[in-house]
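Q: Sharing a structure below in structure tokens format, with a few things to ask.
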Amino acid sequence: MDDTEANIARAPLPTDKTLRARKNLLIQFERFVVINTKMLKIIRKEHR
Amino acid sequence: MARVVILGGGIAGHTAALHLTRMLTRSDEVVVVTPNSKWNWIPSNIWVGVGKMKTDQVTFKLGPIYKRKGIEFHQALATGIHPEGGPGRPRPYVEVTYTDPARAGAHGELDYDYLVNATGPKLNFGATPGLGPAGHSYSVCTAAHAGDASAALHESIKRMQHGERQVIVVGMGHGTCTCEGAAFEYAFNVEHEMRQAGVRDLADIVYLTNEYELGDFGVGGLTFTQQGFQTTSKLWTESLFRERGIRAITGAHVTGVEEGVVHYEQLDGSSNSLFFDFAMLLPPFRGVDLHAYDADGTDITDELFAPNGFMKVDADYSAKPFEEWLAKDWPSTYQVPRYPNIFAVGIAFAPPHQISRPRKSSSGTVIAPSPPRTGMPSGIMGRLAATNIAEMIRHGDSAKIRTASMADMGAACVASAGSGLRQGSAASMTMYPVVPDLVKYPNTGRSLKDTFGEIGLSGHWIKLLLHYMFIYKAKARPGWHLIPE
């Protein structure tokens, strides 16, 4: 029995504050820098 | 002087070719054989598929780039490998059939000293009756397919603008498909487009997948830390499906597609049907139809290739249960054991086993995502093959062979969930390693420090940046080699 639909219905919903933060230009610029740094760390492992 | 022939001009093959031009001397020859005249940045095809980009924004002609870089280019389909040459012909060679209009159908034979098989996948629409552009569903596997999908999707949007309800099905067209991430991206981009068009309330969007649970992505899912807790990509993905109102059906093997209806079997053995107005279902992959022959012309295809058509390399292919699978089963140099001058990289190499736990339905149908080996891992393997070939040419038997196993390789992925510089969003993810190593990381198989996921507008900016950066790199513009794979 596929219980995926029930799992989706029980999954946590983001709050309005989280949704706003996901679109906020200042916050997202900071996340852009942070995420790129994390990705560069992974990339650097391959180019040692 | 050495001659390197590369079969395939996709991410792995093109990367290998460009690196070889800077690693080898002018007297060495780099040859690319690919049936397509254009290079395609496939990750952006999903934007073509919703009409946000044109096909010529994700493709460019390979001929002028290869001419500038001194690469011999054959627009042709490789059909046979002769690693020991043939009667009265000691040098190894490949057989090709030309696809460029000037020589279409002509036969050719190209000698090589080193061979890179980067042929990518054969889009195996034939595995599911009625699947694909020649059948009753669309695809975003090529830029042309994505363009067709966009036109049909916009027809559906037009109908909704006239008040008609539409059922949109996006997902995997077979139980052994890979690239679940691409279908996930397309489902969310379609949802985004419908909201932008003001018709979201008239669309019933269903994600139909062979994954056992959401968030698997063919890599067995991810575990990462968030605000002091360990969380899973399953919970994270289910949350996104709830937020965006997309339905999902998991553990499904599509058995057939007819006009407006998709039939599928699920892990519990049940057979179901789903009616649709628009369906984008990805095909399963298999290796291209390459054959291999030894010196006296005996067919050795079964020795060099797995039954799925992918090339066997330095992996442990012995059959064993899931619980006994180890990270070290995965290949690290991508060389063919019997012929160390042949490399198979990107999708072309045969994985020793799945990354996600394979499952069978109660009637015995295999429903198991195949391991993804596209994008960043493909580029890394292409560069690795180039580096090792250059080393072997320079130092012969004393060459220091480098390794890059997917069990010791990370990946950065950005899954778009809608485009737009202010309204876009994407899930940014990193994982290390791609193939879980439960010996090194006993809890989750991956480093919790280097595995993470986050959704937001910044992810869209990163995906857009990667689009422009990798097309710049693939065009071999100044400083291209400084951009990592």
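Q: Inspect all residues belonging to segment B:457-475 and state whether any of them is in a loop (DSSP other than H, G, I, E, B), within 22 Å of the chain's Cα centre (by Cα) and away from chain A (no Cβ under 11 Å).
A: yes
Q: What are the pairs with Cβ atoms under 7 angstrom where one residue, in segment B:266-284, is free of Cβ contacts under 8 Å to residues at least 24 places away in the same chain and more than 14 Å from every other protein chain (Cβ to nearest Cβ) and the other, located anywhere, is among the charged types (D, E, K, R) and crowded, with 18+ Cβ neighbours inside 10 Å? Sequence gap at least six, or different chains.
A: No pair meets every condition.
Q: Please state which of the following conditions B:N272 fails to meet, knowing it meets all the rest: (1) within 24 Å of B:G132 (Cα to Cα); (2) crowded, with 20+ Cβ neighbours inside 10 Å.
A: (2)
Q: Is it the case, given these coordinates, that B:K67 is free of Cβ contacts under 8 Å to residues at least 12 places away in the same chain and among the basic types (K, R)?
A: Criteria met by B:K67.
Q: What residue, of B:G260, B:G251, B:G245, B:G228, is away from chain A (no Cβ under 14 Å), on the phi > 0 side of the Ramachandran plot and either in contact with a His (Cβ under 7 Å, 6 or more places away or on another chain) or modelled with pLDDT of 95 or more (or both)?
A: Only one candidate qualifies: B:G260.
Q: Out of curiosity, is B:N388 assigned to a strand (DSSP E or B) and farther than 21 Å from B:F217 by Cα?
A: no
Q: Separate question: Which residues, taken from segment B:394-417, are surrounded by fewer than 20 Cβ atoms within 10 Å (Cβ to Cβ) and more than 10 Å from every other protein chain (Cβ to nearest Cβ)?
A: Within segment B:394-417, B:R394, B:H395, B:G396, B:D397, B:S398, B:A399, B:K400, B:I401, B:R402, B:T403 qualify.
Q: For segment B:418-446, which residues satisfy the criterion of being in contact with a Cys (Cβ under 8 Å, 6 or more places away or on another chain), within 9 Å of chain A (Cβ to nearest Cβ) and not hydroxyl-bearing (S, T, Y)?
A: The answer is B:M431, and nothing else.
Q: Please work out which residue is surrounded by the most Cβ atoms within 10 Å (Cβ to Cβ), limiting yourself to segment B:444-485 and to residues that are touching a residue at least 40 places away in the same chain (Cβ under 8 Å) and of a type in the set (S, T, N, Q).
A: My answer is B:T451.
Q: Out of everything in segment A:12-45 that is farther than 18 Å from B:S233 by Cβ and assigned to a loop (DSSP other than H, G, I, E, B), what residue ends up being farthest from the other protein chains (Cβ to nearest Cβ)?
A: Filtering first and then ranking leaves A:T15.
Q: Can you confirm whether B:V4 is over 20 Å from the mean Cα position of the chain (by Cα), more than 23 Å from B:G479 (Cα to Cα) and touching a residue at least 60 places away in the same chain (Cβ under 8 Å)?
A: yes
Q: I need the strands (runs of 3 or more DSSP E) fully contained in segment B:21-113, keeping only those with at least 2 residues that are out of contact with any Cys (no Cβ under 9 Å at 6 or more places or on another chain) and surrounded by 19 or more Cβ atoms within 10 Å (Cβ to Cβ).
A: Those strands (runs of 3 or more DSSP E) span B:29-34, B:38-40, B:72-82, B:93-98.
Q: Ok, one more. Might you let me know whether segment B:296-308 holds any residue that is assigned to a strand (DSSP E or B) and surrounded by fewer than 21 Cβ atoms within 10 Å (Cβ to Cβ)?
A: yes
Q: Let me ask something else about it. Quick check on this structure: which one of B:I81, B:I42 is within 19 Å of B:C141 (Cα to Cα) and in contact (Cβ under 8 Å) with a residue 40 or more places away in the chain?
A: When all the criteria are applied, what remains is B:I42.
Q: Restricting to segment B:114-133, name every residue that is hydrophobic (A, V, I, L, M, F, W, C), more than 23 Å from B:G147 (Cα to Cα) and part of a strand (DSSP E or B).
A: B:L115, B:V116
The values are calculated or read from the model by the stated rules, or taken from the named source; none is laboratory data. It should be emphasised that the depicted structure is a prediction, and the values quoted were computed from it without experimental measurement. A quick note on method: Cβ atoms are made from the backbone with ideal geometry, for glycine too, and the neighbour counts reach across all protein chains shown.
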